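Below: one structure, written as C-alpha cells.
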Amino acid sequence: MGRRGPPKHLKRFASPAFWPIPKKAYTFTVRPVPGPHPIDESIPLLIIVRDILKYAETASEAKKIIKRGEIFVDGRVRREEKFPVGIMDVISIPATEENYRVLPDPIKGLRLHPINKEEATFKLCRIENKTTVKGGNIQLNLHDGRNILIKVTNPTKPEEDVYDTLDTLKIGIPNQEIQAHIKFKEDNQAIIVKGKNRGLYGKIKSIEGPIQREYKTVLLEDYNGNLIRASVEYVFVIGEDKPLISIPTW
C-alpha cells in the first residue's frame, strides 16, 4: 500500500537556502505543516525559536518552549513547532516583551525585524483575490490564508466593495478588524517580497503591461533614486505617503 498524504520528512539539503541551519550536520530537519505560507516562503516555528532567536540549543528544548504556549504568532498562541511563519507575520514573546515582524531580506531571504509593542497589534495583508458569496457579500482572500467577509447592503450595487486584488489591508490582530486600506497604485510605498530584488522598497513610479495580472510589471524607485522593475506578483504595498510599518535599512 502506498503512502498517504504529503511527505512527513525533509532533508536539510532540500530545505530552503535561507533557513539558518547547517546543511551537513544532520540528515533531516523539521518540515512545516500545511498552513498559511508555502514551504519555500516560510520558516518553521521550531527553527525560529532555536536557530534565530537562540532561545534553545536543541529541538527538544525548543519544542518545550513552544508547547508551553510562550510563542504568539499574529496574536494567537501557536503550540505546533512545525507551524510555518512567513511574510508580514508578527511574532510576540510576552515573557521577554519582544516582538518581531517577518520581512523579506535581500541576503537572508526572510528576517525577523524587531518592532515595538504598538506595531505588534496589527499586520499588513495583501488581497490575492476576491469572490462573491451567498447573499452577494464579498469575500477577500488574503496572502496568509485569511478570508475576510465584507457585508453588502445592496448586491446589485455593492457600494461596500471598494477593494481590488493586490491592494493591502491593515488589520488588527487577532481580531482581524480592518483598520486601513491601501490601494495598489502609483506613488504609494511598496516592498518587493520575491525575486532577486527581494527586500528592496520604495515608491511605485508606474504600473505597466496588459490587463492580465501575470504579465504586469511595476517600476519602483528606491530611496537612493535607483529604479527597480519587478512583477506585480512580487510587489507588496506597505503605505501611501510613508510605510505603515518600520523597515530595516540595508
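List of remarks:
- Gyration tensor verdict on the range 189-239 (Cα atoms; rounded if a/c is under 1.5, prolate if a/b is larger than b/c, oblate otherwise): prolate
- Order of Leu46, Leu110, Leu244 under a 10 Å beta carbon neighbour criterion, fewest first: Leu244, Leu46, Leu110
- When Glu128, Glu81 are sorted by how many other C-beta atoms sit within 10 angstrom of their C-beta, beginning with the fewest, the order is Glu128, Glu81.
- Anisotropy class of the range 121-182 from Cα gyration tensor, a/c 1.5 cut: prolate
- Highest mobility in the GNM of the chain, judged by mean-square fluctuation with C-alpha springs under 10 Å and restricted to Pro155, Pro174, Pro36, is found for Pro155.
- A Cα-only calculation for the chain places Rg and Dmax at 19.3, 61 Å.
- With 0.36 nm allotted per residue and the present C-alpha distance subtracted, the Lys64-Gln176 stretch has 37.4 nm of extension available.
- Across the range 141-150, rounded Karplus estimates of 3J(HN,Hα) from the backbone phi angles (6.51 cos²θ - 1.76 cosθ + 1.60, θ = phi - 60°) give 9, 9, 5, 9, x, 6, 10, 10, 9, 9 Hz, Gly and Pro being marked x.
- Couplings 3J(HN,Hα) of the range 160-175, computed from phi: 6, 7, 9, 9, 10, 4, 6, 5, 10, 10, 9, 10, x, 10, x, 6 Hz, in residue order, whole Hz [Karplus 6.51 cos²θ - 1.76 cosθ + 1.60, θ = phi - 60°; x for Gly and Pro].
- Residues with amide H under 5 Å from that of Ala180, placed H, sequence gap 5 or more: Lys170
- Three-way shape label, the range 15-114, alpha-carbon gyration tensor, a/c 1.5: rounded
- Residue exposure proxy: Phe83, Phe13, ordered by other Cβ atoms within 10 angstrom of their Cβ from fewest to most, comes out as Phe13, Phe83.
Read-outs throughout are calculated quantities, based only on the coordinates presented, and are distinct from any laboratory measurement. Computed from a predicted structure; not experimentally measured. No Cβ is skipped: glycine too gets one built from the backbone with ideal geometry, and neighbour counts run over all protein chains shown.
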